[in-house]
1. For residues that are open to solvent by less than 100 Å² (accessible area, probe 1.4 Å) and part of a helix (DSSP H, G or I), tally how many sit in the stretch 157-182.
2. Looking at 18, 31 in this structure, which one is at pLDDT 85 or above and open to solvent by 20 Å² or more (accessible area, probe 1.4 Å)?
3. Just a yes or no: is a residue in the stretch 113-124 within 17 Å of residue 190 (Cα to Cα) and either small (Gly, Ala, Ser) or open to solvent by less than 50 Å² (accessible area, probe 1.4 Å) (or both)?
4. Any chance you could count how many residues in the stretch 83-119 are in a loop (DSSP other than H, G, I, E, B) and modelled with pLDDT of 80 or more?
Amino acid sequence: MIGTAQRPRWELRVRRGRAVLVDRPERVGERPVREYDPAQLALPPELVEDLHEWAHVVEAVAPDQDIAGESSATLMARRGRQLAARLAAETGGDVGYWDPARGRMNRVRRAAPAVPEPTPWATGSAIAVVIAALVTVSLVVVSRGLGEVNLLLAVLVNVVVVGGFAPSIWIGRRLPVWRWVAFGAAAGVVLAWLSLLLSLLG
């Protein structure tokens, strides 16, 4: 049980098959205790729907019912803690979760913000340079070889190759590791085309 001094501001409870958030003052008697429907607060609609769905199940299912080898009380408590953790993340503070099956209050702490990893510029740049060199050399060699046979065929092959690269480059540009490969491939295509254009003009 959480003491009054330790009680978080928000408590997740169930009232008549609906989820409610109880807003408690930090000190007793400071202001009235208020109850809110989660839909009244600035919460994601998916979270509000999940909260009410959970509360409906809590009201409808007997606590001692066995579901897939686990008691319904255990399953409801686990789901309630998951929802309370999501609430804590959304509200930016700890959330009290009233376990209706066990009749006790649990405190769900807000997860600490993840520390972003530093960008590996040296390694990533080296990968991008190697990929750019491979793509540049490959495209130039293939294009010049085909250009000696048929210029239109060389242009067509370049368009097909770049068209095949484009979706992967677009998707990979935001992935932590593959973005360096994507940047290198894009740079290689640009460098190859510049090299071919300069060779035509020369």
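1. Number satisfying all stated conditions: 18.
2. Values: 31 fails: at pLDDT 85 or above.
Sole residue among the options that is at pLDDT 85 or above and open to solvent by 20 Å² or more (accessible area, probe 1.4 Å): 18.
3. Going through the stretch 113-124, the residues within 17 Å of residue 190 (Cα to Cα) turn out to be none.
No, because not a single residue in the stretch 113-124 is within 17 Å of residue 190 (Cα to Cα) and either small (Gly, Ala, Ser) or open to solvent by less than 50 Å² (accessible area, probe 1.4 Å) (or both).
4. Going residue by residue through the stretch 83-119, those that are in a loop (DSSP other than H, G, I, E, B) are 92-94, 100-103, 109-119.
Subsequent filtering for residues that are modelled with pLDDT of 80 or more retains 94, 118-119.
Residues meeting the conditions: 3.
The values are calculated or read from the model by the stated rules, or taken from the named source; none is laboratory data. Bear in mind the structure is a predicted one, so any value in this text is a computation, not a measurement. The area values use the complete protein model at the heavy-atom level, side chains included, leaving out ligands, DNA and RNA. Shrake-Rupley method; radii C 1.70, N 1.55, O 1.52, S 1.80 Å.
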